[in-house]
Each structure stands twice: as C-alpha cells, then as structure tokens.
1. Ranked from highest to lowest mean number of other Cβ atoms within 10 Å per residue, what is the order of the peptides 173-184, 329-340?
2. How much length is gained if the chain between Tyr122 and Arg262 is pulled fully straight, taking 0.36 nm per residue apart and subtracting their Cα-Cα distance, in nm to one decimal?
3. Kindly provide the trypsin sites (Lys or Arg not before Pro) of segment 248-277 that DSSP labels as loop, not H, G, I, E or B, and whose Cβ sees at most 11 other Cβ atoms within 10 Å.
4. Report the convex hull volume per residue for segment 107-161, counting only C-alpha atoms, in Å³.
5. If you consider only alpha-carbon coordinates, what radius of gyration and Dmax does segment 71-224 have, in Å?
6. Hey, if we sort Phe253, Phe150, Phe313 by accessible area with the 1.4 Å probe, largest down, what's the order?
7. For a quick check of understanding: with a 1.4 angstrom probe and all protein chains in place, what accessible area in square angstrom does Asp311 have, to the nearest ten?
8. What percentage of the solvent-accessible surface of segment 105-210, computed with a 1.4 Å probe over protein heavy atoms, is contributed by carbon and sulfur atoms?
Amino acid sequence: MKLSFLPVFALFVLQGCAYAPGSHINTSGWNPEYQVPESESLTGLVRVERIGPKHLKNAVAASVAPPPEEILLDDSQYQYRIGIGDVLQITVWDHPELTIPAGGERSSQESGNVVNENGSIYYPYIGYVDVEGRTAQEVREEVSNRLSRFLENPQVDVSIAAFRSQRIYVSGAVETPGVYPLTNVPTRLVDAISQAGGVEPNGDWRNVILTRKGKDYRLSLKDVLERGDVSHNVLLKSGDVVNVPLGDDRKVFVLGEVNRTRTLPMGRNGLTLAEAISNVGGLNERQSSATGVFVIRRSPEANLDSDHLIDLFQLNLKDATAMVVADSFTLENRDLVYVTAAPLARWNRVVSLLVPSFTALFLGDRAVNLFE
C-alpha cells in the first residue's frame, strides 16, 4: 500500500502545480526536442571582445570618431554666392542719384536691389544684371564695366544688405530652434548652436547630428568645447540641418545579478560602464559572478549582408582595479549590461526549485504511514 500510494500521491501533487493560480504560457503543442536551425541561430553573428587595457588607452582619444574628410572644409574655401531673395546695396561714389534714388531716410535693405526670381537685378543705365551664383566682387566688376560707358571712371562698391537665400536649420534641444541665415562670414557648428541660444540642460551635446544632402554625420560639441578638438566644429553649408537630440531619449538597460535592475538615461554627458553599475547599486555580491559582466550591443555595421550583428564585450571585475577600465568604457544608446550569476547561485536556484517537490513527497510519505 505504501509503495503504491506514494507515486500516485506525488503525481497528484505535481499535477496540482499545473493548476496553480497565476499567469502562465500555454506550451501545448510545443516540441521540447525542437532544435534551432543554424540559419536562425545568432551564435555565428556575435563578435566577442574583452574589455581591457586597450579601452583604457582609447579613453585618451576623442569620445566620437573624427568626421569624414568630405565635410572638413577650411574657411579659405568659403565664399558666399548671391542667391534669389538677397538684397544688394550698390554704391556709386559722387553719384547720389544712383546710390539713394528714394532718399536718405531708407535703410540699406529698403533701398537696396532685391534679387528677383530670375536671379537678376535692375540698375539704372545698364538694365538687368545676372547676379545669382556670383560673389559681390564679381558683380561689382560687371556693374563698374557697364557703367563706364555712361560715366567716366565710376567708383562702384557692391555689398549684401540682407542675406536671405541661404539658410541652415537648428533643431532639437536648443534654446531657440529655428532657421538661421548664412552670411559672408563662415558659420561653423559652434556658431550655429550659439545663434540658437546654446544647448539645453537635457541636450546630448556628444551626439549632435549634422544632416547634409540626406546623409547624417555624428559630431561632438563636447569634444570641441572641452577637449579642443576643432575637427568636429565643421563649416556649415546652405541646407544643412543641425539637430541636438534629447539625452533622456538615449538609454541603456542593466539586467542580471545587480542590486536593482534598471533602465538608465544616458544624459548629456553619456554613461560609462562603471557609472551604470554604480547607479544600480553595484553587483549583487551574494549572487553575481564578477567575471561575467557583459555589454551587449547591436553592431553599427549590422545589415543583411553583415558577418556579425551583435558585439559582445566582457569585463572581469574580479580584480577591483578593473573598475578603472570600466570607467573608460563608454556605453552607447540601447546597450544592454548583463551580469551573470555565480555557479553556486545557479545551483542554489536549482535546489530551491526541487525542495518543494521533495517536501511534498516527504509529507505524502508520512501521511501514508500515519493512515496505515
């Protein structure tokens, strides 16, 4: 009786677990023998790298890679070229009737010559002059040459009274986002941000995005202002869009054997691995394996033809000095920090799952003995 009743009782207890209250996933029809096809496995798409002295040395370098050569221009290469909507101020010395035809009370913008939709202006004596795409100096030379047929040795000066044809766009976490004109003075990234009132406290100044002709470039205003890396202070062109993203929109996830699993905003100054671990209360000393701290990142090279899609970085924190290396490892948006469990902790969890079943069997066995 005892030997036959115990398995039945144990089966009853185990079946009762299946009907315990709480959420569950219906696994009927699931085949435990199913093997993931090699084509669906991510193992071959992961590149593993150990976090070590190399990253400590790289911390001395800029936090963001230098911009490509294609957008690095010198001020000497910049020339403002007149466009439709610009206002030109043409002065002919000793001939006030040509310079201020409507009186001296009007401003230069009001009395100047507006470049019409055909890219030309009209000027007395010489008629229409094509000016679009030309510099002020080139227009001055043509106006002077054409006036010389009517005036003896005309002294002509041409300047741009209002810059309206060329503009840049500044958006995102700045004080005054909007449209700003380009002038005959070269405008660089820092100039544009300054015109827009500067970066707001929640703006990510390490990841300013410059969009030019449909292509995005990542620039670091922080490297320009704090490290003096002028390569990121690029010269802007008409049509450029400068966007300062919100730091709160960029985050990392800390999971595993830490004291508090959390989603951490990166903020304007970014986040290092050491800061992320500190912000969640550190590793769980009783459960975690200090040798198994991982950073999982989607590869920036990931596409359909890539050999790898995931970058996996491992840090061994068994030596406390490795925290210096961790503080040199900068996390990126959507990184996942995962701390594995220690072997003993995993074994304890297995035991904790088995103990209730063994207890039920033991109690069932005692109940059978009591009723015999």
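The values are calculated or read from the model by the stated rules, or taken from the named source; none is laboratory data. In this text, all values refer to a predicted model and were calculated from it rather than measured experimentally. Virtual Cβ from ideal backbone geometry, glycine too; neighbours counted across all protein chains shown. Each accessible area value is taken on the protein alone, full model and side chains, heavy atoms only, with ligands, DNA and RNA left out. Shrake-Rupley method; radii C 1.70, N 1.55, O 1.52, S 1.80 Å.
1. 329-340, 173-184
2. Once the chain is fully extended between Tyr122 and Arg262, it gains 43.7 nm.
3. Listed in order of number, the matching sites are Arg260.
4. Taking only Cα atoms, segment 107-161 has a hull volume of 82 Å³ per residue.
5. Over segment 71-224's Cα set, Rg and Dmax evaluate to 19.6, 63 Å.
6. Phe150, Phe253, Phe313
7. Only protein atoms counted, so the area is about 10 Å².
8. 44
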